1. Sort out which residues of the range 239-262 are among the hydroxyl-bearing types (Ser, Thr, Tyr), more than 12 Å from the ligand (Cβ to nearest atom) and part of a loop (DSSP other than H, G, I, E, B), and write them in order of number.
2. Please determine whether any residue of the range 62-72 is under 20 Å from Val184 (Cα atoms) and within 15 Å of the ligand (Cβ to nearest atom).
3. Given the condition of a type in the set (D, E, K, R) and crowded, with 22+ Cβ neighbours inside 10 Å, answer yes or no: does some residue in the range 296-306 qualify?
4. Just to verify a result, which residue in the range 278-318, among those that are charged (D, E, K, R) and under 15 Å from Cys250 (Cα atoms), is nearest to the ligand (Cβ to nearest atom)?
5. Could you name every one of the helices (runs of 4 or more DSSP H) located completely within the range 420-528 that has at least 3 residues being open to solvent by 50 Å² or more (accessible area, probe 1.4 Å)?
6. Looking at the range 73-119, which of its residues are among the polar types (S, T, N, Q), in contact with a Phe, Trp or Tyr (Cβ under 9 Å, 6 or more places away or on another chain) and away from the ligand (no atom under 16 Å from the Cβ)?
7. In the range 86-95, which residues are touching a strand residue (DSSP E or B) at 6+ places or on another chain (Cβ under 9 Å) and either within 13 Å of Ser53 (Cα to Cα) or assigned to a loop (DSSP other than H, G, I, E, B) (or both)?
8. Tell me, which residue of the range 351-375 that is surrounded by fewer than 22 Cβ atoms within 10 Å (Cβ to Cβ) and not in a loop (DSSP other than H, G, I, E, B) is nearest to the ligand (Cβ to nearest atom)?
Amino acid sequence: MNELGYFVYQIYPKSFCDTTGNGIGDINGIISKLDYIKDLGFDYIWITPMYISPQKDNGYDVADYYNIDPLFGSNEDFDNLVMQANKRGLKIMMDMVFNHTSSEHTWFKKALSGDKKYMDYYIFNDNKTNWESKFGGNAWEYVEHLDKYYLHLFDVSQPDLNWENQDLRQELYKIVNYWIDKGVSGFRFDVINLISKNYPLKDGKNDGRLEYTDGPRIHEFLQELRANTFKDKEGFLTVGEMSSTSINECIKYASPKRDELDTVFHFHHLKVDYKDNLKWSKDYFDFELLKELFKTWQTKMQTNDVVDTLFWSNHDQPRIASRFIKATSRDQQITKNKTYAILMYMMRGISYIYQGEELGLENLVFESIDDVVDIESINFYNSSNMDNKTKLDILSQKSRDNGRSPMIWHKDGGFSTNTPWIKYSNIDNNLFDQQTDENSTYNFYKNMIKLKKNDEVLKYGNIKFIDHSNLLIYIREYNNIKYLIIANMFDQTHSFKTNFSDIIFNNNATTDKDNITLSPFSSIILKV
Ligand code: TEU
């Protein structure tokens with residue numbers, strides 16, 4: 001039950017802290033900030049891939065699963081990181097990318113040379129299907145000398161692995177065990193619900209996703225993975241990143257009764273600003289849908305005794321500070337940062353906070369396509385026929401680069417002594433200034449984590465939603481103690497009537513007897 005109070009800090013190593021002066025973050029940089037993370041109150045650190053990789057997709061294209069890319073340090077540095085983290089009571093979670101490898105992986109090189117054993121580690125086919133790559137275009141690449149196509153659900157440099165092949169599955173479990181032996185305490189599995197494809201391979205509806213999403217053998221594969229690796233590990237935490245999944249599948253993936261994963265990331269709540277389901281759209285926010293999603297997922301997960309994950313951001317998402325409704329002043333921005341955090345992390349589940357979110361880091365402004373680094377964003381820019389200004393505006397709202405801007409440790413940035421590989425966002429959000437300001441976003445996050453960790457109602461309480469057209473409201477209840485959490489996500493004032501006995505936390509709301517007035521972006525936690 002303890003796990004409902006866990007907080008996990010996500011690190012995107014490239015943008016966290018650079019100690020070598022090459023403009024790219026590294027493992028020693030992470031080690032130098034362990035005290036910072038511990039002091040904020042976190043239990044686990046999830047680090048995105050640091051394995052040897054050509055970095056076409058920033059490490060999600062793995063060329064060697066057993067070795068750390070020299071870009072970030074060495075295997076010895078990693079051992080040191082685990083040791084230093086554990087010493088502070090922090091646990092390390094690694095990111096495992098098992099839907100695909102890099103085309104630079106020796107398995108794929110051998111496959112391309114015609115070696116049958118390794119060709120069967122991947123998905124080669126005589127024909128292509130209509131499946132679309134998540135990064136745009138058809139998902140099959142023709143290899144002339146083999147006269148076959150290979151599948152890549154992501155970039156052409158990320159060929160999909162064939163989980164039907166038992167030898168391959170054993171290879172993957174060996175990798176997991178190698179890192180477990182090095183002392184890691186958990187894994188995040190990248191797009192893990194895409195690994196089981198529907199055979200025979202054929203055209204699917206629309207972009208073809210139903211042919212490989214939550215596929216026919218997925219639960220069997222996950223059960224086998226667990227049985228062969230982390231099954232009996234104490235204090236171990238796994239989370240599967242699920243692409244376009246359904247609630248019923250997620251309940252299965254994370255049900256404690258089924259021995260698959262502990263938790264899942266699902267993303268429906270981060271698509272409520274996709275107009276007509278299109279990521280590359282701007283200035284749109286469907287509040288009704290967001291409320292409905294929180295209510296459905298939270299209550300259904302609870303009924304089925306499944307632990308949900310709570311998160312607003314990661315390295316694929318724009319910054320939450322800049323998302324949905326815009327704040328119009330600095331004060332309003334800080335109030336908004338706190339309210340959005342309250343409404344998310346006071347729900348029921350394990351909380352994941354992405355580096356820089358605790359500082360309220362904002363999106364980037366792109367003046368030209370030359371500022372853009374992300375492969376998905378560049379593909380969109382090159383393939384869309386919208387005008388260039390609109391495309392750049394949309395990228396400033398939606399590009400994955402927004403989440404990848406460097407941490408801002410000091411007034412001058414402080415991430416590196418050199419020019420960072422990607423530009424900084426608004427420097428006003430630096431840690432240095434916020435540390436001494438008790439009203440800062442940073443100090444709020446620290447207090448909020450403490451608040452939840454020390455409060456049984458907020459950790460373990462049952463959740464129930466109350467419908468309101470302008471406010472997000474829910475109740476947490478434990479041992480007959482009830483809290484009401486009320487959040488105003490908008491830039492206008494809204495009110496709510498309720499009796500209460502105590503105020504647990506107040507972020508700019510006012511109370512007059514039973515009338516609660518919520519000024520723009522304000523929130524309040526009441527004992528009722
Ligand atoms: O992302 C999976 C994924 O499909 C999305 O998050 C995707 O980046 C976004 O929806 C596109 O609009 C994971 C990783 O988190 C991401 O960084 C990798 O690029 C991707 O898998 C491939 O490994």
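The values are calculated or read from the model by the stated rules, or taken from the named source; none is laboratory data. Since we're looking at a predicted model, the values are computed, not measured. Quick reminder, even Gly has a Cβ in these numbers, built from the backbone with ideal geometry, and neighbours come from all protein chains shown. Just the protein is used for accessible areas: all its heavy atoms, side chains included, with ligands, DNA and RNA removed. Shrake-Rupley method; radii C 1.70, N 1.55, O 1.52, S 1.80 Å.
1. The answer is Ser246, Ser255.
2. Looking for residues that are under 20 Å from Val184 (Cα atoms) and within 15 Å of the ligand (Cβ to nearest atom), one finds at least one in the range 62-72, hence yes.
3. no
4. If we take residues in the range 278-318 being charged (D, E, K, R) and under 15 Å from Cys250 (Cα atoms), then Asp308 is nearest to the ligand (Cβ to nearest atom).
5. Of the helices (runs of 4 or more DSSP H) lying wholly inside the range 420-528, those with at least 3 residues that are open to solvent by 50 Å² or more (accessible area, probe 1.4 Å) span 431-435, 441-453.
6. Scanning the range 73-119 gives Asn75, Thr106.
7. The one that is touching a strand residue (DSSP E or B) at 6+ places or on another chain (Cβ under 9 Å) and either within 13 Å of Ser53 (Cα to Cα) or assigned to a loop (DSSP other than H, G, I, E, B) (or both): Leu90.
8. Ile375
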